[in-house]
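Everything on this sheet refers to the single structure shown next.
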């Protein structure tokens, strides 16, 4: 019984992750850069020079984080069957 609940929970997490991946992929480059730049400004206390340097790093780290979370959910599902 507990295993079935865990499976359903993991399937829901995986579906939500897939939706978020498609949602972020649907953004054009300007929208995506804008989101990354807002995070960079937040981290750099609105320093424009630091924000411009941080923005591409934050974009790459966001991709890494997004796909790492997906891998964790899928592997958790596979190894708990």
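The values are calculated or read from the model by the stated rules, or taken from the named source; none is laboratory data. Because the structure is a prediction, the values reported are computed rather than measured. All Cβ positions, even for glycine, are placed from backbone atoms using ideal geometry, and neighbour counts span all protein chains on display.
A compact table of results
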item: Residue within the stretch 51-74 that is exposed (fewer than 11 other Cβ atoms within 10 Å of the Cβ) and at pLDDT below 90 present; result: no
item: The stretch 19-36: number of residues that are free of Cβ contacts under 8 Å to residues at least 40 places away in the same chain and under 30 Å from residue 79 (Cβ atoms); result: 4
item: Residue among 39, 50, 74, 57 that is within 30 Å of residue 5 (Cα to Cα) and either part of a helix (DSSP H, G or I) or without any contact (Cβ under 8 Å) to a residue 24 or more places away in the chain (or both); result: 74
item: Qualifying residue in the stretch 25-33 (condition: assigned to a helix (DSSP H, G or I), surrounded by 13 or more Cβ atoms within 10 Å (Cβ to Cβ) and over 14 Å from the mean Cα position of the chain (by Cα)); result: yes
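Here is a yes/no grid of residues against (1) in contact with a helix residue (DSSP H, G or I) (Cβ under 6 Å, 6 or more places away or on another chain); (2) modelled with pLDDT under 90:
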{"position": "3", "(1), (2)": "no, yes"}
{"position": "12", "(1), (2)": "no, no"}
{"position": "19", "(1), (2)": "no, no"}
{"position": "24", "(1), (2)": "no, yes"}
{"position": "28", "(1), (2)": "no, yes"}
{"position": "34", "(1), (2)": "no, yes"}
{"position": "37", "(1), (2)": "yes, yes"}
{"position": "41", "(1), (2)": "yes, no"}
